[in-house]
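Asker: Take this structure first; my questions come after.
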Amino acid sequence: MKIRKEKGLTFDDVLLVPRRSPIVSRQDVDTSSWLTPEIRLQVPILSANMDTVTEAAMAIAMARAGAMGVLHRFMTIEQQVRQVERVKRAEGFIVENPYAIDQEATLEEARKLMERHDVGGLVVTNGTTRLIGLITQRDIMLAPDEHLRVRDVMTLPEQIVSVPPDISPDEARRILYEHRLEKLPVVDRAGNLVGLITAQDLMRPQRYPHATKDSKGRLRVGAAIGVTPPEMERAEALLAAGADVLVVDIAHGHAEHCIKMVKELRRTFPTAQIVAGNVATREGARDLAEAGADAIKVGIGPGSICTTRIVTGFGVPQLTAIMDSAAGVAELGRPVPIIADGGIKSSGDLVKALAAGASTVMIGSLFAGCEEAPGAPVIRDGQKVKVVRGMASLGAAIGRKAVERREEESAESQEDWDKVVPEGVEAVVPYRGHVKEILYQLVGGLRSGLSYGGARNIQELQEHAEFIEITPAGVRESHPHDVHRM
Ligand code: XMP
């Protein structure tokens, strides 16, 4: 047995010491950072892979704002693949593999398919690569009867304006405007349908100039996977669907089976971007990086809904965990970014996490109250709230068993309930509106923080950062005090 001499510190234990600063305007600083050595985010924030935080709607909003979402893994492979596809289709100039329907389907079926995938139109292909027609929400709305067939109302090929795959966005915009159209099928020389351009998608780059996008102009998205052997199948399906990052996610990432999984993934998918975690030590971060991880997720027990430290007695206060992990990967000959996961309550915590050596942060509860997080808000004691739950909480663990049995709905037994030893809690958080508003506040705080640190970017912040430990009186002084809050 040994006791480490240095204290374990977390965000509230320290402040950053202000420095002489060349920054005149908060707009002069650069908040971008590496998520992995190949993916850079304008906003260095991830939404957590928790089932009350990130599904497609959150991932879309995060990527549009220049950040990124990581889809949770507590659903079947098919469900998670569908979530990736929704994000990938949400934007992008040409939608590949647009949703298709058979001409013999009813309008009711077409409407339901559009609603399910949240799209305004379908191509009619009868299962071939040939375009037989096009049907839009408007066609259905104006039709007298939903029992009519798609073929009765669809636009026919001779009336459809189509374009070649090498069309430029400007040219597509001109054609859409000239013909007063909303959708342009993309057809190759051989007459095969290869994609669809929509007026809405063309407008989006102007609306979201900092969006996190892949080389095809589609929003980027991460997806979590576990470490059991069937998860290789999940990984393959997610990558095939276009997931940009795989996040190997287990509570104790410094476990030999996790290291083995990372090695296996690296060997099977040499070019995939792989994040692994969670760890909280120098050795943990280094071992996962040596196994082939491109970035390391750090945090054992700092999360707002975590009880791991209470249940197991293990954990490292988050600021020390970030510093130690960053030091661990610095010993390697290649850059391996650190993701600080959990415990972020304010923009000040974000700045401290980055200054301590993280390249990005992952946030759960702070985003769980957002409109884009799964689940509807409820009213409790006159307040609008949303539910958040730890992924190792009782409810989440039971739900997971159902997924393992590949059921869509949980059908838990008393035995299931009795066997769970939770390491997380279920709670409510205030409803917080749209995530872009929270991101705006977080990024505003980060910009201001960079200016206090005399840093033009996150790298300079890290190079110059000087932390000072504070006392409980210092913590009290840091918060509003001796006034009555309005
Ligand atoms: P915040 O503080 O942002 O933290 O809500 C989110 C992170 O917490 C982790 N997490 C858990 N940790 N038991 C734990 O010990 C749990 O049930 C649990 N659920 C989530 C996870 O790393 C997440 O990103």
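The values are calculated or read from the model by the stated rules, or taken from the named source; none is laboratory data. Bear in mind the structure is a predicted one, so any value in this text is a computation, not a measurement. Positions of Cβ are backbone-derived with ideal geometry, glycine not excepted, and every protein chain shown enters the neighbour counts.
Asker: Looking at Gly92, Gly120, which is the one that is within 30 Å of Asn49 (Cβ to Cβ), at pLDDT below 90 and crowded, with 16+ Cβ neighbours inside 10 Å?
Answerer: The unique qualifying residue is Gly92.
Asker: When you scan segment 44-59, do you find a residue that is modelled with pLDDT under 95 and either farther than 23 Å from Ile296 by Cα or more than 16 Å from the chain's Cα centre (by Cα) (or both), even just one?
Answerer: Within segment 44-59, none of the residues are modelled with pLDDT under 95 and either farther than 23 Å from Ile296 by Cα or more than 16 Å from the chain's Cα centre (by Cα) (or both).
Asker: Taking the condition of being modelled with pLDDT of 95 or more, surrounded by 14 or more Cβ atoms within 10 Å (Cβ to Cβ) and assigned to a loop (DSSP other than H, G, I, E, B), how many residues in segment 1-31 meet it?
Answerer: 6
Asker: Condition first: modelled with pLDDT of 95 or more and assigned to a loop (DSSP other than H, G, I, E, B). Now tell me which residues in segment 302-332 satisfy that.
Answerer: Pro302, Gly313, Phe314, Gly315, Val316, Pro317
Asker: With the requirement that a residue be within 24 Å of the chain's Cα centre (by Cα) and of a type in the set (A, V, I, L, M, F, W, C), what does segment 417-457 give you?
Answerer: Val425, Ala427, Val428, Val429, Val435, Ile438, Leu439, Leu442, Val443, Leu446
Asker: Name the residues in segment 356-374 that are of a type outside the set (D, E, K, R) and more than 15 Å from the ligand (Cβ to nearest atom), would you?
Answerer: Ala356, Gly357, Ser359
Asker: Looking for something among the β-branched types (Val, Ile, Thr), surrounded by 18 or more Cβ atoms within 10 Å (Cβ to Cβ) and assigned to a loop (DSSP other than H, G, I, E, B) - is there at least one such residue anywhere in segment 99-109?
Answerer: Among the residues of segment 99-109, not one is among the β-branched types (Val, Ile, Thr), surrounded by 18 or more Cβ atoms within 10 Å (Cβ to Cβ) and assigned to a loop (DSSP other than H, G, I, E, B), which makes the answer no.
Asker: Ser393 fails exactly one of the following numbered conditions: (1) at pLDDT below 95; (2) within 20 Å of the chain's Cα centre (by Cα); (3) surrounded by fewer than 24 Cβ atoms within 10 Å (Cβ to Cβ); (4) within 13 Å of the ligand (Cβ to nearest atom). What is the number of that condition?
Answerer: Unmet condition: (2).
Asker: Follow-up question, since we're still on this one. Please go through segment 35-55 and give me each residue that is away from the ligand (no atom under 15 Å from the Cβ) and either surrounded by 23 or more Cβ atoms within 10 Å (Cβ to Cβ) or of a type in the set (Val, Ile, Thr) (or both), ordered by number.
Answerer: If the condition is that a residue be away from the ligand (no atom under 15 Å from the Cβ) and either surrounded by 23 or more Cβ atoms within 10 Å (Cβ to Cβ) or of a type in the set (Val, Ile, Thr) (or both), then Thr36, Ile39, Leu41, Val43 are the ones that fit.
Asker: Same structure, new question: What is the one condition in (1) touching a Phe, Trp or Tyr at 6+ places or on another chain (Cβ under 8 Å); (2) part of a loop (DSSP other than H, G, I, E, B) that Val43 does not satisfy?
Answerer: For Val43, the failing item is (1).
Asker: Give the residue that is surrounded by the most Cβ atoms within 10 Å (Cβ to Cβ), with candidates limited to residues of segment 249-271 that are in a loop (DSSP other than H, G, I, E, B) and without any contact (Cβ under 8 Å) to a residue 40 or more places away in the chain.
Answerer: Out of the qualifying residues, it is His254.
Asker: Testing Arg86 on (1) touching a residue at least 40 places away in the same chain (Cβ under 8 Å); (2) in a helix (DSSP H, G or I), one condition comes back false. Which one is that?
Answerer: For Arg86, the exception is condition (1).
Asker: Collect the residues in segment 204-231 that are small (Gly, Ala, Ser), closer than 27 Å to Glu264 by Cβ and in a loop (DSSP other than H, G, I, E, B), keeping them in residue-number order.
Answerer: Matches in segment 204-231: Ser215, Gly226.
Asker: Report yes if some residue within segment 253-267 is under 20 Å from the mean Cα position of the chain (by Cα), closer than 27 Å to Val421 by Cα and within 13 Å of the ligand (Cβ to nearest atom); otherwise report no.
Answerer: yes
Asker: Moving on. Filter segment 278-296 for residues that are in contact with a Ser or Thr (Cβ under 9 Å, 6 or more places away or on another chain) and either hydroxyl-bearing (Ser, Thr, Tyr) or touching a residue at least 60 places away in the same chain (Cβ under 8 Å) (or both) and give the result.
Answerer: Across segment 278-296, the qualifying residues are Thr281, Asp294, Ala295.
Asker: So, in segment 202-217, how many residues would count as being over 19 Å from Ile274 (Cα atoms) and either out of contact with any strand residue (DSSP E or B) (no Cβ under 7 Å at 6 or more places or on another chain) or surrounded by fewer than 16 Cβ atoms within 10 Å (Cβ to Cβ) (or both)?
Answerer: 11
Asker: Name the one entry in Thr128, Thr136 that is crowded, with 16+ Cβ neighbours inside 10 Å, out of contact with any His (no Cβ under 7 Å at 6 or more places or on another chain) and of a type in the set (Val, Ile, Thr).
Answerer: Thr136
Asker: Still on this structure, please answer the following. Kindly provide the set of residues from segment 281-301 that are assigned to a helix (DSSP H, G or I) and of a type in the set (A, V, I, L, M), ordered by number.
Answerer: Ala285, Leu288, Ala289, Ala291
Asker: Also: Starting from segment 356-372, take each residue that is hydroxyl-bearing (Ser, Thr, Tyr) and list its partners that are at pLDDT 95 or above and away from the ligand (no atom under 15 Å from the Cβ), counting only C-beta distances under 7 angstrom and pairs at least six apart or across chains.
Answerer: Sorted first by the residue in segment 356-372, then by its partner, the pairs are Ser359/Ser33; Ser359/Trp34; Ser359/Pro337; Thr360/Ser33; Thr360/Leu41; Thr360/Pro337.
Asker: Out of all the residues in segment 241-248, is one or more part of a strand (DSSP E or B), without any contact (Cβ under 8 Å) to a residue 60 or more places away in the chain and under 26 Å from Ser32 (Cα atoms)?
Answerer: yes
Asker: Against the condition at positive phi and in contact with an Asp or Glu (Cβ under 6 Å, 6 or more places away or on another chain), how does Asn97 come out, does it pass?
Answerer: no
Asker: Using beta carbons and a limit of 8 Å, which pairs, at least six apart or on different chains, have the first residue in segment 298-316 and on the phi > 0 side of the Ramachandran plot and the second one within 6 Å of the ligand (Cβ to nearest atom) and assigned to a strand (DSSP E or B)?
Answerer: Short answer, once both residue conditions are applied: Gly299/Asn278; Gly299/Asp341; Gly299/Met362.
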